[in-house]
Amino acid sequence: MRIVLVGPPGAGKGTQAHVLAKTLSIPHISTGDLFRANISQGTQLGLEAKAYMDAGRLVPDEVTIGMAKDRMSQPDAANGFLLDGFPRNLGQAKALDEILVEFGIALDGVLDLEVPEDEVVKRIAGRRLCRVNGGHVFHVVYNPPKTEGVCDECGGELYQRSDDTEEKVRTRLEVYHTETEPIIEYYNQQGLLVTISALGKVDEVTERAVAALESKKSV
């Protein structure tokens, strides 16, 4: 299957993308991984992206599009892929359409993870990370540490990332509404969109996602 995954920050896209890609036996292609891989490998696109990032500027769409196109052309993506974080705006969505036509393939579906805005704020603003090991993540409501402010795993101090404050989260949501939400209607008009609730346990959301995508594939 060839899938685009969309949803607001805090919807659990990264978690679902990882699980769905494994379940469907297709590569998970995320913009974050694309940037890291191209920069670490010193590709031309990676060097361009790093120059913009080092200058504190946004990486132009054409650089991101170029990275995504190159990744989708790799052998492991021949039978499908899951795009996470791309396309991020209408311009990228239209560029993706051109890439798909060039490759002679088409999307099977666009999965929209729907989460109420207040829940997004609660999810992100409640996250706490360990200063010693950033992989140890807690949540003040959903996964609180045994001792407030202390990591259960190593005893390190727990902290809130500066990007995770409620004010910053609401700003990120505004950007999402302005830049990314238009692609939802764009794909809806193409008959590709399936929307599911991203509330509940990870496996419950995954079950909904697989069922929705399979129903879209069988249409």
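Among the residues of the stretch 51-80, count how many are among the hydrophobic types (A, V, I, L, M, F, W, C), over 19 Å from residue 40 (Cα atoms) and in contact with a Lys or Arg (Cβ under 9 Å, 6 or more places away or on another chain).
The qualifying residues number 1.
This table checks each residue for (1) touching a residue at least 24 places away in the same chain (Cβ under 8 Å); (2) open to solvent by 70 Å² or more (accessible area, probe 1.4 Å); (3) in a helix (DSSP H, G or I).
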| residue | (1), (2), (3) |
| --- | --- |
| 163 | no, yes, yes |
| 174 | no, yes, yes |
| 183 | yes, no, yes |
| 187 | yes, no, yes |
| 200 | no, no, no |
| 212 | yes, no, yes |
| 217 | yes, yes, yes |
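Cβ-Cβ under 8 Å, sequence separation 6+ or interchain: first residue in the stretch 42-63 and outside any helix (DSSP H, G or I), partner open to solvent by less than 70 Å² (accessible area, probe 1.4 Å) and not acidic (Asp, Glu). Which pairs?
58/52; 59/35; 59/49; 59/52; 60/52
Going by what's in this entry, would residue 118 be described as within 20 Å of residue 31 (Cα to Cα), assigned to a helix (DSSP H, G or I) and open to solvent by 10 Å² or more (accessible area, probe 1.4 Å)?
Criteria not met by residue 118.
State all residues of the stretch 31-48 that are farther than 14 Å from residue 88 by Cβ and aliphatic (A, V, I, L, M); if no residue qualifies, say none.
Passing the criteria: 37, 39, 45, 47.
Of all residues in the stretch 79-96, count the ones that are in a helix (DSSP H, G or I), out of contact with any Pro (no Cβ under 9 Å at 6 or more places or on another chain) and not polar (S, T, N, Q).
Of the residues in that region, 1 qualify.
Identify the single condition in (1) within 29 Å of residue 20 (Cβ to Cβ); (2) touching an Asp or Glu at 6+ places or on another chain (Cβ under 9 Å); (3) charged (D, E, K, R) that residue 153 does not satisfy, given that it satisfies every other one.
(2)
Name the residues in the stretch 79-96 that are open to solvent by 70 Å² or more (accessible area, probe 1.4 Å) and within 20 Å of residue 179 (Cβ to Cβ), would you?
Within the stretch 79-96, 88, 94 meet the criteria.
Is it the case that the stretch 20-30 has a residue that's open to solvent by 20 Å² or more (accessible area, probe 1.4 Å), part of a helix (DSSP H, G or I), touching a residue at least 24 places away in the same chain (Cβ under 8 Å) and basic (Lys, Arg)?
Within the stretch 20-30, not a single residue is open to solvent by 20 Å² or more (accessible area, probe 1.4 Å), part of a helix (DSSP H, G or I), touching a residue at least 24 places away in the same chain (Cβ under 8 Å) and basic (Lys, Arg).
Looking at the stretch 1-31, which of the residues that are in contact with a Ser or Thr (Cβ under 8 Å, 6 or more places away or on another chain) and among the hydroxyl-bearing types (Ser, Thr, Tyr) is nearest to residue 58 (Cα to Cα)?
Of everything passing the filter in the stretch 1-31, 31 is nearest to residue 58 (Cα to Cα).
Determine whether residue 105 is outside any helix (DSSP H, G or I) and either more than 22 Å from residue 199 (Cα to Cα) or without any contact (Cβ under 8 Å) to a residue 60 or more places away in the chain (or both).
When the stated conditions are applied, residue 105 passes them.
Inside the stretch 126-150, can you point out the residues that are open to solvent by less than 20 Å² (accessible area, probe 1.4 Å) and farther than 26 Å from residue 20 by Cα?
130
Do the conditions hold for residue 76, that is, is it open to solvent by 30 Å² or more (accessible area, probe 1.4 Å), out of contact with any Asp or Glu (no Cβ under 6 Å at 6 or more places or on another chain), in contact (Cβ under 8 Å) with a residue 40 or more places away in the chain and in a helix (DSSP H, G or I)?
yes
The values are calculated or read from the model by the stated rules, or taken from the named source; none is laboratory data. Computed from a prediction, not measured in an experiment: that's the story for all the values here. A quick note on method: Cβ atoms are made from the backbone with ideal geometry, for glycine too, and the neighbour counts reach across all protein chains shown. Heads up: the accessible areas ignore ligands, DNA and RNA and are worked out on the full protein's heavy atoms, side chains in. Shrake-Rupley method; radii C 1.70, N 1.55, O 1.52, S 1.80 Å.
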